[in-house]
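Okay, structure first, notes after.
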Amino acid sequence: MSAQQAYSELTQTLKELAILNSCSGLLGWDQRTYMPRGGSKNRADQLGLIAGMVHEKFTSPRIGELLKQIEGTDLVKTYDSVEAANIREIRRRYDRQTKLPKALVEEFVKTTSMSEVAWETARAKSDFKSFAPWLEKVVALTKQIADCYGYKGEPYNALIDDYEPGMTVEEISTVFEKLRIDLVELNGKIRNGKKRPKVEIITRSYPVDLQRVFGESVAAAQGLDFNESRCDVTVHPFCSGMGPGDVRITTRYNPSRLNDALFGIMHETGHALYDSGLEREYYGLPCGDAASYGIHESQSRLWENQVGRSKEFWVYFLPQLKRIFRSSLDGVTVDEFYGAVNDSQPSYIRVEADEATYNLHILLRYELERAMMKGDLKAVDVAGEWNSRFKNYFGIEVDNDAHGCLQDVHWSAGLIAYFPSYSLGNLYSAQFFAKAKADMPGLMSQFERGEFSGLLQWLRTNIHKHGARYRPAELCKKVTGQPLSHKPLIDYMTAKYKEIYGF
Ligand code: ZN
């Protein structure tokens, strides 16, 4: 069998697996949108069956044989050719999935599903003590998993690869440490600023059906094609790419708060645009797949913040918003509205945090989970450590564990090392956007005219079309000419908040 034949067989198999996975995606979307509650047991069986089929096929020895026949041949000798990139990534994923003993995988799935239930109960009662033994079990199993994968330096390095291939704790920490110092300083300046935005503007009356009309028109302006998408309502908004020609988003509406649905829709549309910009020809292969969680998040945050929270965006959209919500926005100026949607204050809950405080929430989680994996922090001590660091970073006391270390599902679900992707996404988004502005000097004035196709085209060409052809750090360097840095994000936020808060 030639390398080319092996490659064809391998890519054919992977495309079939992608189709199977997309069936799971559709079942999952339905579960979170329209499925009657009674369907949950059967749905779990359906999802479990498909997941088992996919795992078995992907980890079969045949995949290993095909990879061996291709590796080292001329077909993959050019480092960033599609073939070489596909094989490199498939090998990475194959090795990871075949390194874990079946018994460990099963125990992990069982433990995390029980620990999620324990977490829900603990959160409802704000009782960390009842959750601590479960956290201890999850951490112990995660350490075993890290040992199976193998790592240099700390066990945390073995886990990052699931979210940010090629990244290390050393690289992340170097950037995060600088980010933390500058963020604490920036937040101090915001607190002591001479001006305050009129935040009540966004908490007036905004009927839900009208919010939907406006939100979907913004998504369409961003470039979302409603022939290939739809927007539904869920408690926890998400974006789900079903495959070529079908990527769906969800949102939640609050009739007395404009931000949640509006910026939620812009965020999920950013994810959807990335998915729909991946090369359809490579569907099912790494080159037709997202580069990482962090890169995915960079696309959503770029549209949500750099675009949606810019003044130029509201120069165009505020008059439209006023036509829809005349009585609530009468007399409101662009500057007032811009200030209101950028209001910043320390808060307990990560998912509700503004741009200036958001990353401090992530850094806190990252530092604690890293310490847990190293064995420097015991599960039982997490709440105490959380609260003291929180006071340090945000200047407020955590009043209960539900507002503290019990607020996120991630640790109970075994998703240790996921959190950094959120901040990496914010860092990448600022670095990408700064480069887009440098490449297109008229970009911000395009926004004032309601034109976003220039930006979308730039993202398509520089980021989307590559898929996972480059690892996140390589992609960042290739797109911006610079390694990942905290500077673009800090510079962008400092300029914005300086104007709004007057420091
Ligand atoms: Zn997101």
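What follows draws every value from the coordinates through simple rules; no lab data is involved. These figures come from a predicted structure and were not determined experimentally. When we count neighbours, we look across all protein chains shown, and the Cβ atoms used for this are built from the backbone with ideal geometry, even at glycine.
Could you list ARG469, ARG280 so that the one with the fewest beta carbons within 10 Å of its beta carbon is first and the one with the most is last?
Neighbour counts put them in this order, fewest first: ARG280, ARG469.
For segment 234-244, take each phi angle, set θ = phi - 60°, evaluate the Karplus expression 6.51 cos²θ - 1.76 cosθ + 1.60, and give the result in whole Hz per residue in order, putting x for glycine and proline.
9, 5, 10, x, 7, 10, 9, x, 7, x, x
I'd like the FRET efficiency for ASN254 and ALA371, computed as 1/(1 + (r/R0)^6) with the beta carbon distance as r and R0 of 30 Å, rounded to 0.05.
The calculated FRET efficiency here is 0.25.
Taking θ = phi - 60°, what integer Hz values does the Karplus form 6.51 cos²θ - 1.76 cosθ + 1.60 yield along segment 440-453, in sequence order, with x for Gly and Pro?
With the stated coefficients, segment 440-453 comes to 10, x, x, 4, 5, 6, 4, 4, 4, 9, x, 9, 10, 5 Hz.
Please give the residues of segment 47-76, grouped as numeric ranges, whose backbone N is less than 13 Å from a label point set 7 Å along the Cα-to-Cβ vector of LYS102.
The answer is 52-53, 55-57, 59-61, whose backbone nitrogens lie closer than 13 Å to the label point.
Mind listing which GluC sites (Glu not before Pro) in segment 1-104 are in a DSSP loop and have 16 or fewer other Cβ atoms within 10 Å?
In loop regions of segment 1-104 (DSSP not H, G, I, E or B), the sparsely surrounded GluC sites (Glu not before Pro) are GLU71.
Given the C-alpha atoms of the chain, compute the convex hull and give its volume per residue in Å³.
So the per-residue Cα hull volume is 148 Å³.
What is the local net charge at PRO319, summed over the other residues whose Cβ is closer than 13 Å to its Cβ (Lys, Arg +1; Asp, Glu -1)?
Net charge around PRO319: +2.
What share of all Cα pairs of segment 405-448, in percent, falls into each consecutive 5 Å distance bin?
The calculated distribution, bin by bin, is 5, 18, 16, 15, 10, 10, 8, 9, 8, 1.
Quick query: amide H of GLY243 versus all other amide H atoms, modeled in the peptide plane; which residues come in under 5 Å with a sequence gap of 5 or more or a different chain?
Counting only residues 5 or more places away or on other chains, the set is empty.
Fewest first, what order do ARG248, ARG365 take by the number of other Cβ atoms within 10 Å?
Least crowded to most crowded, the residues run ARG248, ARG365.
How would you rank ASP381, ASP289, going from fewest to most other Cβ atoms within 10 Å of each one's own Cβ?
So the residues, fewest neighbours to most, are ASP381, ASP289.
From the backbone phi of segment 270-275, what are the Karplus-calculated ³J(HN,Hα) couplings (6.51 cos²θ - 1.76 cosθ + 1.60, θ = phi - 60°) in whole Hz, Gly and Pro given as x?
Each residue of segment 270-275 in turn: x, 4, 5, 5, 5, 4 Hz.
Check cross-link reach from LYS77 to the lysines: straight Cα distance under 25 Å, and skip same-chain residues fewer than eight apart.
LYS77 reaches LYS15, LYS68, LYS465, LYS477, LYS478.
Quick one: net charge of GLU154's neighbours, Cβ under 14 Å, K/R +1, D/E -1?
-3
Within segment 19-35, find all residues whose amide N lies under 18 Å from a label point positioned 7 Å from the Cα of HIS55 along Cα-to-beta-carbon.
20-25, 28
So, counting K/R as plus one and D/E as minus one, what does the shell of residues with Cβ under 11 Å around GLN4 add up to?
-3
Using amide H atoms built in the peptide plane, which far-off residues or other-chain residues are under 5 Å from ASP232 H to H?
The answer is ILE249, THR250, THR251.
Taking a cut-off of 25 Å between Cα atoms, list the lysines near LYS110, but don't count ones fewer than 8 places away on the same chain.
Within the straight-line cut-off, LYS110 pairs with LYS41, LYS57, LYS99, LYS102, LYS125, LYS129, LYS137, LYS143, LYS374, LYS378.
Can you give me the Cα centroid spacing of segment 230-263 and segment 1-71 in angstrom?
Each part's Cα centre sits 26 Å from the other's.
Starting at 0 and stepping by 5 Å, how many percent of the alpha carbon pairs of segment 97-150 end up in each bin?
4, 21, 25, 19, 13, 10, 6, 2
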